[in-house]
Amino acid sequence: MRIEWYKSRCARAYLRIKELKAALEDAQAEAHAAGRCNPLSLIPTDAMLAEIAIRGGPAAELAAAGLLALRKTADYDDGLSRDRYFPLGLASYAQMLHVKSERLLSFARSSREALNEPVMDTLHDLINYASFAADWMRRKA
């Protein structure tokens, strides 16, 4: 049973590597033809994040949070900037980080499982709100 799982996992990984290699070769050819030197700029953000998520570790959690942000942004995409949802600038982001931190502390104090939003969702939300705040600060600088 374990061997079959391993073979299946290896086969999927091999196919994914072939797909990524082909995508990179296409991106390199297109970048070269357009006079650009960075072929990674041609790979969609969600594809890059998905690849990083597969690799595991802390970077995978950052990628998972990024993919979540891309999905959720589509829900709010009305052509307006995120600033509309955070009208007080850094104070708005700090408030959301506080709310999510309090939720995480609530999980830590409780011995029961979360019913509606898993702890991982809260952790990914914290990553995203922090990145939104950093983006806001960079744009305002």
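Would you list the membrane-span-like helices of the chain, meaning whole DSSP H runs whose alpha-carbon atoms span at least 27 Å along their axis and whose mean Kyte-Doolittle value is at least -0.5?
TM-like helix candidates: 57-76, 90-109, 119-140.
Over the Cα atoms of region 60-141, how large are the radius of gyration and the largest Cα-Cα distance (Dmax), in Å?
Gyration radius and largest Cα-Cα distance of region 60-141: 13.7, 43 Å.
Report the full-extension gain for the segment Met120 to Asp26: residue separation times 0.36 nm, less the Cα-Cα distance, to one decimal in nm.
30.3 nm
Pop a pseudo-label 7 angstrom from the Cα along the beta-carbon direction at both Ser8 and Leu104 and give the gap in nm to one decimal.
Using points 7 Å along Cα→Cβ, the separation is 3.5 nm.
Can you pull the three principal axis extents for the Cα set of the chain, in Å, largest first?
50, 45, 24
What FRET efficiency, computed as 1/(1 + (r/R0)^6) with R0 = 30 Å and r the Cβ-Cβ distance, is obtained for Ser111 and Ala60, rounded to the nearest 0.05?
0.60
7 Å from Cα along Cα→Cβ at both Leu88 and Tyr76: what's the point-to-point distance in nm?
For Leu88 paired with Tyr76, the spin-label model returns 1.6 nm.
Compute the relative contact order of the chain as a whole-number percentage, counting only Cα pairs closer than 8 Å that sit 6 or more residues apart in sequence.
18 percent
Could you check the spin-label model distance between Met48 and Ile17? Points 7 Å from the Cα along Cα→Cβ, value in nm.
My value for the distance between the label points is 2.3 nm.
What is the order of Ile127, Ile54, Ile17, fewest Cβ neighbours within 10 Å to most?
Least to most surrounded, the residues fall as Ile17, Ile54, Ile127.
Just so you know, all these numbers are worked out from the coordinates, no wet-lab data involved. Quick caveat: nothing in here was measured; it's all calculated off a predicted structure. Glycine gets a Cβ as well: all are built from the backbone with ideal geometry, and neighbour counts include every protein chain shown.
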